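The values are calculated or read from the model by the stated rules, or taken from the named source; none is laboratory data. Bear in mind that the values here come from a model prediction, so they are computed numbers and not experimental data. Cβ sites come from the backbone with ideal geometry, for glycine too, and all protein chains shown count toward neighbours. Heavy atoms of the whole protein, side chains included, go into the accessibility calculation; ligands, DNA and RNA do not. Shrake-Rupley method; radii C 1.70, N 1.55, O 1.52, S 1.80 Å.
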Amino acid sequence: MSIRDVYIVDAVRTPIGRFGGALSGVRPDDLAAHVVRALVDRTPDLDPARIDDVVFGDANGAGEDNRDVARMAVLLAGLPVSVPGVTVNRLCGSGLEAVVQAARAIALGDASVAIAGGVESMSRAPWVLQKPERAFPAGHQQLHSTTLGWRMTNPKMPAEWTVQLGEGAEQVADKHGIGREQQDAFALESHRRAAEAWAKGLYDTEVVGYEGVDLTRDECIRDTTSMEALAKLKPAFRPTGTVTAGNASPLNDGAAALLLVDEEGLRATGREPLARVRASAVTGIEPQLFGLGPVEAVRRALGKADRSFADLNVFELNEAFAAQALGCLAEWPELDPAVVNPRGGAIAIGHPLGASGARLAGAVAHQLAAAGSGTGLAALCIGVGQGLALVLER
């Protein structure tokens, strides 16, 4: 059986909204439908009935994104009812996992045209109530927030595995000796790069605003922040820790989607592809050190693609925490940090869990297209200790 080449024809995303912000009034299934519809509208030569599958990542799935948000997006976007949809969950890596699974289906000949993406509304994530062990309990019952992190944790899990995400970032900082000032400087640069990229119009080709919502730029970018302002923030997870709200990614809402095709599908779109999918890899690590999950995944993906760090023109690394990103960079001494997140990262742009991986893959594809050639990589750390990486080329 021959393996087919897989091309990314287009990639779009919403501006990323802050928690309780401009997109908080929009249902996650509507956000997902919006980017699906935008992709179809931007490729008028493609008959939507030719789409073989829609794969979407969604990390929580406990609220309005329940019951297969990918299929709901297909229906709400007005695609033919013959177009199927499947939702996947690899927590923070869900959106990139969707891209990987869609690409794999095309490479194996199970699909010719697919949409892959991700969505999350952390603002609208509900509280959930467990069913009681017996009917009609007399006492109070506990509600659990589904916004982020561990809940209803299995007591069989070792306590060191189930620490808060921020505490895990502190442990990475301890492991690599990454101080508060270094983390704040990294966060400041993320904001600077993101603000500069927006000012230069570098996001104009990929961001599609949501009708009726006054949001034309990622909502969490802080143009005027400074080292002095960041230094005033209190540690969020340890009394004398280094991780703060200023050097961590915020809670966010947003969606992203990519159009993937084989050679036959490419001809049907009538478009030039942005990039080609080359390789991917996923790995596991101790859950509390989840922030270092990308380290081995990136090495494996590059190895599969027969590429090295020296070949990279752009590397979109999700910034869950500055400590986590810096910890990964410390374990890749051969990597040129100048190619990492040149247009800003998640500390500034935002991290809507299930959407982030698709945003990163789309960002790499658009940057490779703008450059005209090159090798790019997208990678994320994943809660509960995993890493996921994707290599693209043009």
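Things worth noting here:
- With R₀ set to 35 Å, the beta-carbon distance separating Asp204 from Glu286 gives a calculated FRET efficiency near 0.25.
- Distance between modelled label sites at Val81 and His140, nm, 7 Å Cα→Cβ extension: 4.8 nm
- The alpha carbons of the range 96-151 occupy a box of 57, 26, 16 Å along the principal axes, longest dimension given first.
- Two-site label geometry, Asp223 and Lys304: point separation in nm, points 7 Å out along Cα→Cβ: 4.1 nm
- Descending Cα extents along the principal axes, the range 129-191, whole Å: 54, 28, 14
- Heavy-atom surface of the chain, accessible at 1.4 Å and reported per residue (Å²): 41 Å²
- Descending principal axes extents, the range 3-51, alpha-carbon based, whole Å: 43, 22, 16
- log10 of Debye I(q)/I(0), alpha-carbon scatterers only, for the range 83-176 at 0.25 Å⁻¹: -1.27
- The separation of the range 339-394 from the range 137-160, counted between C-alpha centres, amounts to 32 Å.
- Sites matching trypsin sites (Lys or Arg not before Pro) across the range 120-159 that sit in DSSP coil, with at most 11 neighbouring C-beta atoms within 10 Å: Arg134, Lys156
- In the range 240-378, the alpha-carbon atoms span a convex hull of 127 Å³ per residue.
- Mean Cα-pair separation over length for the chain, i.e. relative contact order, pairs under 8 Å, 6 or more apart, %: 28 percent
- Charge tally in the Cβ shell below 15 Å around Ala159, where Lys, Arg are +1 and Asp, Glu are -1, Ala159 excluded: -2
- The alpha carbon gyration tensor of the range 309-380 gives principal lengths a ≥ b ≥ c with a/c of 1.5 or higher and a/b no greater than b/c, which makes the shape oblate.
- In terms of packing, defined here as the mean over residues of other Cβ atoms within 10 angstrom, the peptides 71-77, 361-367 line up highest first as 361-367, 71-77.
- Whole-angstrom gap from the range 32-105 to the range 266-326, using each part's C-alpha centre: 21 Å
- Shape of the range 103-247 from the C-alpha gyration tensor: oblate (a/c of 1.5 or more and a/b not above b/c, with a ≥ b ≥ c the square roots of its eigenvalues).
- Computed over all pairs of different Cα atoms, the Kirkwood value for the hydrodynamic radius of the range 348-393 is 11.4 Å.
- Order of exposure, largest accessible area first, which applies to Met1, Met152, Met227 with probe 1.4 Å: Met1, Met152, Met227
- Dimensions in Å of the range 162-271 - Rg and Dmax from alpha carbons: 19.0, 58
- Point-to-point label distance, Ala330-Glu181, nm (Cα→Cβ direction, 7 Å offset): 1.6 nm
- FRET efficiency, 1/(1 + (r/R0)^6) with R0 51 Å, evaluated for Asp47 and Gln164 via beta carbons: 0.60
- Projected-area average for the range 257-334 over all orientations - Cα convex hull basis, square nanometres: 6.8 nm²
- Among 41-51, 376-386, 172-182, 344-354, the order from most to least packed when residues are scored by Cβ within 10 Å on average: 344-354, 376-386, 172-182, 41-51
- Ranked packing of 249-261, 296-308, most packed first, by mean Cβ within 10 Å: 249-261, 296-308
- Here the accessible area of the chain is 51 percent carbon and sulfur, with a 1.4 angstrom probe and all protein chains present.
- Value of [θ]222 nm, deg cm²/dmol, for the chain, DSSP H segments ≥ 4, -39500 (n - 2.57) each, nearest 500: -9500 deg cm²/dmol
- Normalised radius of gyration (Cα atoms, divided by 2.2 N^0.38 Å) for the range 1-101: 1.11.
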